[in-house]
Amino acid sequence: MVFEEGFREQGEALAAKLNLPLVQDPEAFQYGLRITSPGLEIADLHKKQRPIRVDFHQLNDERSGGDLLKAVNTKTHKTVLDATGGLGRDAFTLAKAGCTVILMEKNPIIHALLEDGLLRAKDLQAVQRMTLLHADSFSAIPEHPAEVIYLDPMYPARKKDALPKLEMQVFHALLGAEQNELELLQMALQHARKRVVVKRPIHAPVIQAPSLQFKGKTTRFDVYLK
């Protein structure tokens with residue numbers, strides 16, 4: 001845990017909350033959680049890669065999510081449970097389209113990034129439709145019924161010479177590359193009122209045969225109708 005000058009009190013409080021050490025010599029570490037004036041971020045402390053930060057104001061200026069909106073069918077379905085919150089991009093896209101979205105994120109560091117991003121963007125109408133829970137989806141899904149349950153499970157890193165970008169490196173380090181995708185899908189299917197939507201890389205195998213698919217260039221959405 002590192003912080004810019006003027007953020008010591010916040011840094012000490014967050015380090016205690018997350019049980020992280022305060023780093024006196026950032027150059028001795030490759031990555032760290034850092035409090036800065038633009039917001040909380042996971043940074044390459046050698047400044048070789050762009051930091052990871054949740055910035056909903058930036059997302060608000062972007063136009064995206066066509067296949068996601070079709071897969072969820074936001075014209076009809078207005079309550080979504082995002083059981084794998086991550087950095088909140090897809091949840092924000094759905095909220096911007098008018099959905100009420102509950103995000104679940106179990107990892108405390110990623111949850112802290114999301115919490116910081118939501119706080120800094122509380123002026124946005126979409127953010128006002130988003131609720132963040134620090135929860136494990138396997139135990140919490142049954143407590144939060146919704147028309148649509150959305151899943152974006154961690155996909156194993158590709159075996160290539162080049163390391164994946166910082167975001168993927170961090171997520172694999174924090175969450176691990178292996179998840180019981182089938183068990184998570186079956187849990188979601190038990191509790192979604194209308195449908196379950198699963199985000200996958202375009203060439204990834206299906207978890208089980210979907211009812212519908214919406215395909216983009218690099219990503220697809222597998223839809224399971226109730």
### Query
Any idea how many residues of the range 44-68 are at pLDDT 85 or above and in contact with a strand residue (DSSP E or B) (Cβ under 6 Å, 6 or more places away or on another chain)?
4
### Query
Does the range 212-226 hold any residues that are under 15 Å from residue 151 (Cα atoms) and either of a type in the set (S, T, N, Q) or not in a strand (DSSP E or B) (or both), and which are they?
213, 219
### Message
Looking at residue 143 and the list (1) open to solvent by less than 70 Å² (accessible area, probe 1.4 Å); (2) at pLDDT 90 or above, which single condition is not satisfied?
### Response
(1)
### Some residue of the range 96-105 being surrounded by fewer than 18 Cβ atoms within 10 Å (Cβ to Cβ) and either small (Gly, Ala, Ser) or without any contact (Cβ under 8 Å) to a residue 60 or more places away in the chain (or both)
yes
### Message
Yes or no: the range 74-86 includes at least one residue that is under 27 Å from residue 183 (Cβ atoms), among the small types (Gly, Ala, Ser) and either touching a Phe, Trp or Tyr at 6+ places or on another chain (Cβ under 6 Å) or modelled with pLDDT of 95 or more (or both).
### Response
yes
### Message
Just to be sure before I move on: is residue 90 closer than 22 Å to residue 193 by Cβ, in a helix (DSSP H, G or I) and touching a residue at least 24 places away in the same chain (Cβ under 8 Å) in the structure I sent?
### Response
yes
### Task
Say whether the condition of being farther than 15 Å from residue 106 by Cα, aliphatic (A, V, I, L, M) and modelled with pLDDT of 90 or more is met by at least one residue in the range 157-175.
no
#### Entry: Residues of the range 59-87 that turn out to be farther than 22 Å from residue 107 by Cα, touching a Ser or Thr at 6+ places or on another chain (Cβ under 7 Å) and in a loop (DSSP other than H, G, I, E, B), as a count
3
### Unmet criterion (only one of (1) assigned to a helix (DSSP H, G or I); (2) of a type in the set (Asp, Glu); (3) closer than 27 Å to residue 10 by Cα) for residue 123
(1)
### Task
Would you point out the residue of the range 21-58, among those that are under 28 Å from residue 127 (Cα atoms) and assigned to a loop (DSSP other than H, G, I, E, B), that is least open to solvent (accessible area, probe 1.4 Å)?
54
### Task
Being part of a loop (DSSP other than H, G, I, E, B) and under 23 Å from residue 185 (Cβ atoms) is the filter; apply it to the range 126-140 and report the residue that is modelled with the lowest pLDDT.
136
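The values are calculated or read from the model by the stated rules, or taken from the named source; none is laboratory data. Because the structure is a prediction, the values reported are computed rather than measured. Please note: Cβ atoms are built from the backbone with ideal geometry, for glycine as well, and neighbour counts cover all protein chains shown. The protein model used for the area step is the full one, side chains on, heavy atoms only, and it has no ligands, DNA or RNA in it. Shrake-Rupley method; radii C 1.70, N 1.55, O 1.52, S 1.80 Å.
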